[in-house]
Amino acid sequence: MERRIIHIDMDAFFAQVEQRDYPEYRGKPVIVGGKSWSRGVVSTASYEARKYGVHSAMPTKQAHKLCPDGIYLPPRFEVYKEISKTVMEIFLKYTEVVEPLSLDEAYLDITHLVSRERTARSIALSIQKEIYDATKLTSSSGVSYNKYLAKIASGMNKPAGTTVLHYGNVQDVLNGMPIGKFPGVGTVTEQKMKDLGIHTGQDLYNWPEDELIQQFGKRGSGLYQKARGIGTAELRVERIRKSVGKETTFNYDINDDTEILRVLETLSGKVSRNLDRHQFAGRVVTVKTKTADYATHTKQMMTDNPIFRGEEIFHYAYSLYHDVKSPDEPIRLIGVTVSHLSERTYRNLTIYDFL
Ligand code: TTP
Ligand code: MG
């Protein structure tokens, strides 16, 4: 099933908030950041200030030279965090599958909400309107079938833009993009690309995959795919899930161990993939059956270590099955669940820790 991903990013976030709260700054070059003349750095600049060449991460001293009449303000993090919470809550009204990237941007997977009557674009517009109604701040959104294309799209029509990248326009947009704008291409890679004569998406597209692998190692394949609009990365959702389980109901009551265990093995694999997607591992495995009379039977056990691989899950499920299933009683449903979950690898950052 093709996905529908929205990337939403507030416009000139800190600066827009200052202009909202201080109407006298509207329409003027506003620069939010460290005010120290010698050590300060610009957090962000209003669009008016960007015309002077001022941008995030620039030393304040340099900004002053480019834009001496700008309005220089210190950041008010508490206000931005509060707004961020409001915006995240709006996202969660639409979908549980939200991956915040920073205080002012997130990916949303809205695949399940899309229908003939309700396009992904209309959902994006409605989210942006809801953000505006709640905060009086504008945002921009990008809609596409994977994360990095959605992110590219959201930057294409700032401020207050809504941009859809679909099969019909993706390749043209990618081909025309400067190579430094490709997600994952930092300044070092950008320079190396330019040395190789790769200046645009089109140049990258023209390189064979094996040669990209030669030049860029493991990342070569990813670059080859990015030039073609291919991306399969899942959203990294930090919701607290209690368990991951899968079950199958048979079309008839069944008593054939070989057949049931084959299904149990498949279910274990599915649970594993689901755990994998969220980088979870679990400590408890449960097997559930429903007998022909609809009675539910479960058995569970604690594992020695957190597990997530299909074979490991099936290893426990196999022995639990033999505990829970009586040899002469057919069943109509089998299921396996892994619970007591913990996060496997990724840092325990939430958006509210970002600053
Ligand atoms: P961004 O979304 O990168 O920038 P922005 O919202 O100001 O502007 P745009 O319309 O282009 O999205 O970052 C969000 C906020 O994070 C930004 O308002 C200030 C803060 N920030 C920093 O403090 N330092 C930085 O280097 C960057 C990039 C952002
Ligand atoms: Mg932003």
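The values are calculated or read from the model by the stated rules, or taken from the named source; none is laboratory data. If you're wondering where the values come from, they're calculated on a predicted model, not measured in any experiment. All Cβ positions, even for glycine, are placed from backbone atoms using ideal geometry, and neighbour counts span all protein chains on display. Each accessible area value is taken on the protein alone, full model and side chains, heavy atoms only, with ligands, DNA and RNA left out. Shrake-Rupley method; radii C 1.70, N 1.55, O 1.52, S 1.80 Å.
What the table shows:
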| item | result |
| --- | --- |
| Residues of region 155-186 satisfying the condition of being more than 15 Å from residue 205 (Cβ to Cβ), within 16 Å of ligand 2 (Cβ to nearest atom) and outside any loop (DSSP other than H, G, I, E, B) | 162, 163 |
| Region 23-36 - residue that is more than 16 Å from ligand 2 (Cβ to nearest atom) and open to solvent by less than 80 Å² (accessible area, probe 1.4 Å) and, of those, nearest to the chain's Cα centre (by Cα) | 34 |
| Candidate set from region 51-69 (those that are among the small types (Gly, Ala, Ser) and either crowded, with 20+ Cβ neighbours inside 10 Å or within 16 Å of ligand 2 (Cβ to nearest atom) (or both)); member that is nearest to residue 29 (Cα to Cα) | 63 |
| Residue match in region 6-25 (condition: hydroxyl-bearing (Ser, Thr, Tyr) and within 14 Å of ligand 1 (Cβ to nearest atom)) | no |
| Pick from region 113-153, criterion within 20 Å of residue 89 (Cα to Cα) and polar (S, T, N, Q), ranking: farthest from the chain's Cα centre (by Cα) | 135 |
| Candidates 119, 111, filtered to the one that is open to solvent by 20 Å² or more (accessible area, probe 1.4 Å) and touching a residue at least 40 places away in the same chain (Cβ under 8 Å) | 111 |
| Test set (1) without any contact (Cβ under 8 Å) to a residue 40 or more places away in the chain; (2) closer than 30 Å to residue 341 by Cα - residue 275 fails condition number | (1) |
| Condition check for residue 81: open to solvent by 80 Å² or more (accessible area, probe 1.4 Å), touching a Phe, Trp or Tyr at 6+ places or on another chain (Cβ under 8 Å) and within 14 Å of ligand 1 (Cβ to nearest atom) | no |
| Filter result (open to solvent by less than 40 Å² (accessible area, probe 1.4 Å) and either more than 14 Å from ligand 1 (Cβ to nearest atom) or hydrophobic (A, V, I, L, M, F, W, C) (or both)) within region 37-50 | 42, 45, 49 |
| Those residues of region 122-154 which are part of a helix (DSSP H, G or I), within 22 Å of residue 182 (Cα to Cα), open to solvent by less than 10 Å² (accessible area, probe 1.4 Å) and within 16 Å of ligand 2 (Cβ to nearest atom), in sequence order | 150, 153, 154 |
| Yes/no for residue 296 being touching a residue at least 40 places away in the same chain (Cβ under 8 Å) and in contact with a Ser or Thr (Cβ under 9 Å, 6 or more places away or on another chain) | no |
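Table: residues versus (1) of a type outside the set (A, V, I, L, M); (2) crowded, with 17+ Cβ neighbours inside 10 Å; (3) not in a helix (DSSP H, G or I).
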{"position": "223", "(1), (2), (3)": "no, yes, no"}
{"position": "237", "(1), (2), (3)": "no, yes, yes"}
{"position": "250", "(1), (2), (3)": "yes, no, yes"}
{"position": "253", "(1), (2), (3)": "yes, no, yes"}
{"position": "273", "(1), (2), (3)": "yes, no, no"}
{"position": "282", "(1), (2), (3)": "yes, yes, yes"}
{"position": "294", "(1), (2), (3)": "yes, no, yes"}
{"position": "301", "(1), (2), (3)": "no, no, yes"}
{"position": "305", "(1), (2), (3)": "yes, no, yes"}
